[in-house]
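Student: The structure is given below, and queries will be raised subsequently.
The values are calculated or read from the model by the stated rules, or taken from the named source; none is laboratory data. The structure displayed is predicted, hence computed values, not measured ones. All Cβ positions, glycine included, derive from the backbone under ideal geometry; neighbour counts span all protein chains shown. The area values use the complete protein model at the heavy-atom level, side chains included, leaving out ligands, DNA and RNA. Shrake-Rupley method; radii C 1.70, N 1.55, O 1.52, S 1.80 Å.
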There are 2 protein chains.
Amino acid sequence: MFTATRTDDDTAGYGTTAEHLSRLVRDVPGFLGEDAAHTPGGLSISVAYFRDLAGIEHWRRHPEHVDAKSRGREQWYERYVIHIARVEHSHAFTRP
Amino acid sequence: MFTATRTDDDTAGYGTTAEHLSRLVRDVPGFLGEDAAHTPGGLSISVAYFRDLAGIEHWRRHPEHVDAKSRGREQWYERYVIHIARVEHSHAFTRP
């Protein structure tokens, strides 16, 4: 789970990189899906779901992801928090 | 973690109820904080953090929360997913 506040730096390829990573992560073994929401001018929350910690570790060390995180700290993010969490229970509702 | 897509029903007190619940949850024993992001016309992700499962259970059974969830299924939400997850590791970055 990745909770972030962006800088004002919109000129530095953030969108292109974000889309590229979003495609790359799909090839990580054990990747199950992701959810993302972004309040304009405010917080972004992205959640990537993996079958196991090995998948998370694979993604954490992926070279292009490592590069992007480094650029993120230099240019794109004012602040972020990452939580690694184990899903213990899930419940879904869909309108009939 | 609460991931939701709203209906078009904006006339039914959603905002007022959401703000009210947001104040109520702060009094739940073990409540640690919350994050929320909403893509206009798209997904909302809200994450409430609790010290332990007892806090989550307390909030799950809170009468006004139970009422709101029922109204949510009737009027406000097209679809939602709740994940109860145990945070195993966290990492934060703040721009110097």
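Student: Do you know which residues across the stretch A:13-35 are in contact with a strand residue (DSSP E or B) (Cβ under 8 Å, 6 or more places away or on another chain) and either at pLDDT below 95 or not in a strand (DSSP E or B) (or both)?
Tutor: Result: A:Tyr14, A:Ser22, A:Val25, A:Val28, A:Gly30.
Student: For A:Ser46, state whether it is touching a His at 6+ places or on another chain (Cβ under 7 Å), outside any helix (DSSP H, G or I) and among the hydroxyl-bearing types (Ser, Thr, Tyr).
Tutor: No.
Student: Give the stretch B:30-59 a look and list any residue that's among the acidic types (Asp, Glu) and open to solvent by 50 Å² or more (accessible area, probe 1.4 Å), or say none.
Tutor: B:Glu34, B:Asp52, B:Glu57
Student: Across the stretch A:1-12, which residue is modelled with the highest pLDDT among those that are open to solvent by 30 Å² or more (accessible area, probe 1.4 Å) and over 12 Å from the mean Cα position of the chain (by Cα)?
Tutor: Residue satisfying both the conditions and the ranking: A:Thr5.
Student: Just to be sure before I move on: is A:Gly72 within 12 Å of chain B (Cβ to nearest Cβ) and either in contact with a Cys (Cβ under 8 Å, 6 or more places away or on another chain) or crowded, with 18+ Cβ neighbours inside 10 Å (or both) in the structure I sent?
Tutor: Against the criterion (within 12 Å of chain B (Cβ to nearest Cβ) and either in contact with a Cys (Cβ under 8 Å, 6 or more places away or on another chain) or crowded, with 18+ Cβ neighbours inside 10 Å (or both)), A:Gly72 qualifies.
Student: Need the failing condition index for A:Asp67 against (1) open to solvent by 40 Å² or more (accessible area, probe 1.4 Å); (2) part of a strand (DSSP E or B), just the number.
Tutor: Of everything listed in (1) open to solvent by 40 Å² or more (accessible area, probe 1.4 Å); (2) part of a strand (DSSP E or B), A:Asp67 misses just condition (2).
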